[in-house]
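Since the structure comes first, as structure tokens, the remarks are kept for the end.
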Amino acid sequence: MHTSRQADRAQAEQRILGSMLLDPDCVPKILNKLKPDDFFVRQNREIYLSIRFLSRRSAPIDAVTVLQNLRETGCWDELSYRTYLYEMMSETPSSAEVDQYIAQMLSLSGMAPCDFDGGEGEDKPDNERAPPNL
């Protein structure tokens, strides 16, 4: 069961990622402030890794390219990721307050990783899910 702190942290993570998808101009700033291990929700970490991968290749940062990259890296569950990304984007008011989302996320750090669906399955290390040359 998620605590209120975990829910707040997950929401901050989602708003950071939603900001990145809504406003690709803020991606470099966020990539300079956060690393994959800062994300405690496994799916959020996978999305962050995908955005970082695409950014390093100067590829477009949008829901379509992120979903395609997740599929190519084996992190693909079409229905859940597609729904999750679009909900994330629709629930993010704008990227204007991304610094506040980052501060909130980091202030709630130190929690064990979890799945967004509440599952307690064993996670693979990031390097087993990430595309080559990340």
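Just so you know, all these numbers are worked out from the coordinates, no wet-lab data involved. Since this is a predicted model, take the numbers as computed values, not measurements. As a convention, Cβ positions derive from the backbone with ideal geometry for all residues, glycine included, and neighbour counts pool all protein chains shown.
In what sequence, highest mean first, do 13-20, 83-90, 56-63 appear when ranked by Cβ atoms within 10 angstrom?
Taking the mean over residues of other Cβ atoms within 10 Å, the ranking is 13-20, 83-90, 56-63.
Stick to Cα atoms and the Kirkwood definition of Rh, then tell me Rg/Rh for segment 4-109. It would help to have the intermediate numbers written out before the result.
On the way: Rg = 12.5 Å, Rh = 13.5 Å.
Reported Rg/Rh (Cα atoms, Kirkwood Rh): 0.92.
Size of segment 13-60: Rg and Dmax of its alpha carbons, in Å, are 9.6, 26.
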